[in-house]
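Please treat every number below as a calculation from the coordinates, not as lab data. Remember, predicted model here, so these are calculated numbers, not experimental data. Don't worry about glycine lacking a Cβ; one is built from the backbone with ideal geometry, like all the others, and counts go over all protein chains shown.
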Amino acid sequence: MNISPSKEVILKKIRQALSQKLPLPFSGSEGNNSLFHSSEQDHAILFAEKFSALEGRFIFCESEKEALNQLLQLTAARKWNKLFCKEAVWRNKITEQFPGFSFHEELASCDVSVTTCELLVARTGTIVLSAAQTEGRTASVYAPVHICIAYTNQMVYDLKDALQQLKEKYGNQLPSSISFATGPSRTADIEKTLVVGVHGPGEVYVVLVDA
């Protein structure tokens, strides 16, 4: 097969280019430094603003005892009779403060599910969940109402910060699932009309405890 001189010149240039390592273009942008810089505003306040704007319900508590009281008052006010919670730590905390409290054991038929989380992302109002925290992949999705109990020391500014913390925490042993929930489930696929609660909970609460 004969190759024209001009084509040979082009192929030679390609071979030379492939044999030389070139510096990454725009090395100071994506992949090296965050595109978003931490706000001077308190992260908890920023999270509350972003989360509430997405129709999330935000409750701030100064202690775990206050958080438990808020949780039980909310349960009574909304007449939620079937409260699902598989996390042993919070089941014990609730029954210690409210002896005789009865949990619902079937997620599929509960009124509300209570979980913890990995982190909260202030800039986007996002809850970071994992199978390790929720003791399963479904506790924060199947219930019509999801209540997440979190602490102020779980707050990070951006998604990149969240991913870095998860990497530092788990290393190569990441949980089987990690999800990012930003407000209640919603879709506008049906006739371009926004519908809430189609693919997940219709209401999402974050009870943030000062730590």
- prompt: Highest mean first, what order results for 78-84, 167-173, 93-99, 124-130 on Cβ atoms within 10 Å?
  reply: 124-130, 78-84, 93-99, 167-173
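First select every other residue whose beta carbon is under 10 angstrom from the beta carbon of VAL209; then total the charges, Lys and Arg +1, Asp and Glu -1. Before the final figure, lay out the partial values.
Values: positive: LYS65; negative: GLU62, GLU64, GLU66, ASP210.
Here the count lands on -3.
Under a Cβ-Cβ cut-off of 12 Å, what is the net charge of the residues other than ALA67 that fall near it, where Lys and Arg count +1 and Asp and Glu count -1? Working shown, then result.
Details: positive: LYS65, LYS93; negative: GLU62, GLU64, GLU66, ASP210.
Around ALA67, the surrounding residues sum to -2.
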- request: With both partners inside segment 42-209, how many of the DSSP beta bridges are antiparallel, as a percent to the nearest 5?
  value: 30 percent
query: Put a dot 7 Å past each Cα toward the Cβ at ALA108 and GLU62; how far apart are the dots in nm?
result: 4.5 nm
message: Between GLU96 and VAL9, what is the label-point separation in nm under the 7 Å Cα-to-beta-carbon projection?
response: 8.1 nm
- prompt: Local charge sum around GLY125 (other residues, Cβ-Cβ under 13 Å, Lys/Arg +1, Asp/Glu -1)?
  reply: 0
Rounded if a/c under 1.5, otherwise prolate or oblate - segment 42-209, Cα gyration tensor axes: rounded
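Express in nm, to one decimal, how much length is gained between ASP42 and SER176 on full extension, taking 0.36 nm for each residue of separation and deducting their alpha carbon distance. Numbers along the way, then the final one.
On the way: separation 134, 0.36 × 134 = 48.24 nm, distance 3.20 nm.
Net length gain for the segment: 45.0 nm.
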- request: Starting from the amide H of GLU118, placed 1.01 Å from N in the peptide plane, find each other amide H under 5 Å away whose residue is 5 or more places distant or on another chain.
  value: VAL128, LEU129, SER130
